[in-house]
Amino acid sequence: MNGKPAISIEKLSKHFGSLKAVDGITLSVREGEVFALLGPNGAGKTTTISMLTGLLAPTSGKAVVAGFDVAREPLRVRQQIGVVFQQPSVDDLLSGRENLEMHALLYNVPAKGRKERIDDMVSLVGLKDRQHAKIREYSGGMRKRLEIARGILHHPKVLFLDEPTTGLDPQTRQHIWEYIRKMSRREGTTVVFTTHYLEEAEQFAERVAIIDHGKVIAVGKPHELVEELGGDTVIMKAKDAKKVAKKLGGMKFITHVRAEGGSVHATVADSHKNLPIMLKALSGIEAIEIRPATLNDVFIKYTGKGIREDSAEGGYMERMMKKYD
């Protein structure tokens, strides 16, 4: 990986009527980098990827992907990229292998080695035994796996993955991610992905950007963002969570605290030393759990909420996109 940007975004925006789906984001992703876009549903992740892949025209701002302007040269952009969206787009009338063969022809995969490349892809995603079955006979998970195989079949310079492993079993998820990471290192492929599995971002992304309400609110390496929290995560079940959270907010070794239902989540610096001091000052604590901070704690710090897979915001965004584009 070098310092040259594969993706350069400057003040990029997309509005659907009065809704600012993406609100002036500026971001750069280096060639060969594996980069994660994180945010709640409706935060602007899918809209951003749709603009970067030439599917949506920006309202304002500029984005360059693999050396081409997404607004002025969308077809040139599409020739350089691979895309796996949340919604399947394979042809139900064809078999899995026929879908891959058609994709290989559309993207001019050389005839020499084409068969072997398709063989590798169906094996990678565990569809070797079902490659000749019609897509209408595939389960949702099988369709998703075929989408991933199609997205990386033609050796794209930039690969966009929007929730690529949702619905897949843990073993298949791990296998696919290991391949994608190896591909990125071997071929210099830039990978930009969204996910609701924060452990995927923590394990595989070199950097992450957290997006909320259409704005980028944090960017960095996962471990550095976690370290910036400044302590371990302590979760307490309390009789009066709000009262406990208020008292913790006045302690200098507490770097972040919030009440949620009947629980209090706090980030405690030097927890081995300060935890006894903290507990001595509190009352009404019914149970306590302590663990190292994770990327999920970073996400909650910046957005005030966890990633949700069933948000009404996401459906609203889809309706707005259909209405205005």
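Data for the structure
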read-out: Residue check for residue 83: modelled with pLDDT under 95, in the same structural domain as residue 13 (by TED's automatic domain parsing), under 21 Å from residue 184 (Cβ atoms) and not in a helix (DSSP H, G or I); value: yes
read-out: Options 228, 224, 286, 200: the member that is without any contact (Cβ under 8 Å) to a residue 24 or more places away in the chain and among the acidic types (Asp, Glu); value: 224
read-out: Residues that are aromatic (Phe, Trp, Tyr) and either under 21 Å from residue 43 (Cβ atoms) or surrounded by 22 or more Cβ atoms within 10 Å (Cβ to Cβ) (or both), drawn from the range 174-215; value: 193, 197, 204
read-out: Positions within the range 40-56 being in contact with a Lys or Arg (Cβ under 8 Å, 6 or more places away or on another chain), on the phi < 0 side of the Ramachandran plot and assigned to a loop (DSSP other than H, G, I, E, B), in sequence order; value: 40, 41, 53, 56
read-out: Qualifying residue in the range 231-246 (condition: of a type in the set (A, V, I, L, M, F, W, C), part of a helix (DSSP H, G or I) and exposed (fewer than 15 other Cβ atoms within 10 Å of the Cβ)); value: no
read-out: Test: residue in the range 186-200 that is more than 22 Å from residue 267 (Cα to Cα), in the same structural domain as residue 152 (by TED's automatic domain parsing), basic (Lys, Arg) and in a strand (DSSP E or B); value: no
read-out: Residue in the range 146-163 that is assigned by TED's automatic domain parsing to the domain that holds residue 32 and free of Cβ contacts under 8 Å to residues at least 12 places away in the same chain present; value: no
read-out: Near pairs, Cβ below 9 angstrom, 6+ apart or cross-chain, from the range 169-184 (in the same structural domain as residue 199 (by TED's automatic domain parsing) and basic (Lys, Arg)) to any residue that is part of a helix (DSSP H, G or I) and surrounded by 12 or more Cβ atoms within 10 Å (Cβ to Cβ); value: 173/200; 181/204
read-out: Some residue of the range 267-274 being assigned by TED's automatic domain parsing to the domain that holds residue 28, assigned to a loop (DSSP other than H, G, I, E, B) and among the small types (Gly, Ala, Ser); value: no
read-out: Residues located in the range 60-110, provided they are touching a residue at least 60 places away in the same chain (Cβ under 8 Å) and among the polar types (S, T, N, Q); value: 80, 86
read-out: Any hit, the range 33-46, residues being of a type in the set (Ser, Thr, Tyr) and modelled with pLDDT of 95 or more; value: no
read-out: Number of the condition not met by residue 218 [criteria: (1) hydrophobic (A, V, I, L, M, F, W, C); (2) more than 12 Å from the chain's Cα centre (by Cα); (3) crowded, with 19+ Cβ neighbours inside 10 Å]; value: (3)
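For every residue, the table says whether it meets (1) of a type in the set (Gly, Ala, Ser); (2) within 17 Å of residue 193 (Cα to Cα); (3) not assigned by TED's automatic domain parsing to the domain that holds residue 194.
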{"site": "18", "(1), (2), (3)": "yes, no, no"}
{"site": "23", "(1), (2), (3)": "no, no, no"}
{"site": "28", "(1), (2), (3)": "yes, yes, no"}
{"site": "49", "(1), (2), (3)": "no, yes, no"}
{"site": "55", "(1), (2), (3)": "no, yes, no"}
{"site": "61", "(1), (2), (3)": "yes, no, no"}
{"site": "66", "(1), (2), (3)": "yes, yes, no"}
{"site": "69", "(1), (2), (3)": "no, no, no"}
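Residues checked against (1) closer than 24 Å to residue 40 by Cα; (2) crowded, with 19+ Cβ neighbours inside 10 Å; (3) more than 25 Å from the chain's Cα centre (by Cα); (4) of a type in the set (D, E, K, R):
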| site | (1), (2), (3), (4) |
| --- | --- |
| 225 | yes, yes, no, no |
| 228 | yes, no, no, yes |
| 250 | no, no, yes, no |
| 256 | yes, yes, no, no |
| 271 | no, yes, yes, no |
| 275 | no, no, yes, no |
| 280 | no, no, yes, yes |
| 298 | yes, yes, no, no |
| 302 | yes, no, no, no |
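The values are calculated or read from the model by the stated rules, or taken from the named source; none is laboratory data. Quantities reported herein were computed from a predicted structural model and do not represent experimental measurements. As a convention, Cβ positions derive from the backbone with ideal geometry for all residues, glycine included, and neighbour counts pool all protein chains shown.
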